[in-house]
Amino acid sequence: LVSEAERLRVSEAPGALEQAIEKFHRASELWHALEEPYEAAVAIYGRGWSHQARGDYQQATVDFRVAVTQMQTLRNLHGEAIT
């Protein structure tokens, strides 16, 4: 789902960003259910970039903050720095 969402995020097709946001959201839910917080944070980060590309900066900021908090909890300095 994350790979599909990323392809949509960079696509210029009509509705692609909305589809990307949905796929990143679903991916984060699945990773969370599988108890993979790093992967869930990566999906949320991707969703944030999709919101930003759509011009929804407020929601992008919310997603980036959630992702960075998860990276901090995991003590993943690389993921924290990127996010």
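The values are calculated or read from the model by the stated rules, or taken from the named source; none is laboratory data. Quantities reported herein were computed from a predicted structural model and do not represent experimental measurements. No Cβ is skipped: glycine too gets one built from the backbone with ideal geometry, and neighbour counts run over all protein chains shown. Each accessible area value is taken on the protein alone, full model and side chains, heavy atoms only, with ligands, DNA and RNA left out. Shrake-Rupley method; radii C 1.70, N 1.55, O 1.52, S 1.80 Å.
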Taking I21, I82 and ranking on accessible area (1.4 Å, protein atoms only), highest first, one gets I82, I21
For region 7-83, which trypsin sites (Lys or Arg not before Pro) are in a loop by DSSP, counting at most 11 other Cβ atoms within 10 Å?
R75
Tell me which label goes with the value of log10 I(q)/I(0) by the Debye sum over Cα atoms at q = 0.11, 0.18, 0.20 Å⁻¹ computed from the coordinates here: (1) -0.33, -0.78, -0.91; (2) -0.26, -0.67, -0.81; (3) -0.30, -0.78, -0.95.
(2)
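Rounded to the nearest percent, how much of the accessible area of the chain (1.4 Å probe, protein heavy atoms only) is carbon and sulfur?
On the way: 2800 of 5320 Å².
The nonpolar share, carbon plus sulfur, comes to 53 percent.
With charges set only on the Cβ (+1 for Lys and Arg, -1 for Asp and Glu), what does the dipole of the chain come to about its Cα centre, in debye to the nearest 20?
On the way: 8 positive and 12 negative charges, 31 e Å.
Magnitude of the dipole: close to 160 debye.
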Just to confirm the number: angle between the C-alpha axis of helix 37-54 and the first principal axis of the chain, 0 to 90 degrees, nearest 10?
30 degrees
Spelling it out for N76: with amide H atoms placed in the peptide plane at 1.01 Å from N, the residues 5 or more places away or on another chain with amide H under 5 Å from its amide H are none
Using only protein heavy atoms and a 1.4 Å probe, report how much of H32 is accessible, in Å² to the nearest 10.
130 Å²
Suppose a student asked you for the relative contact order of the chain, using Cα pairs under 8 Å spaced at least 6 residues apart; what percent would you report?
23 percent
With every protein chain left in place, what is the accessible area per residue of region 23-83 in square angstrom, probe 1.4 Å?
63 Å²
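So which GluC sites (Glu not before Pro) in region 24-75 are both in a DSSP loop and have at most 10 other Cβ atoms within 10 Å of their Cβ?
Values: sites: E29, E35, E39; in loops: E35.
Answer by residue number: E35.
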Compute the helix-to-body angle for 16-33: its Cα long axis versus the longest principal axis of the chain, expressed 0 to 90° and rounded to tens.
30 degrees
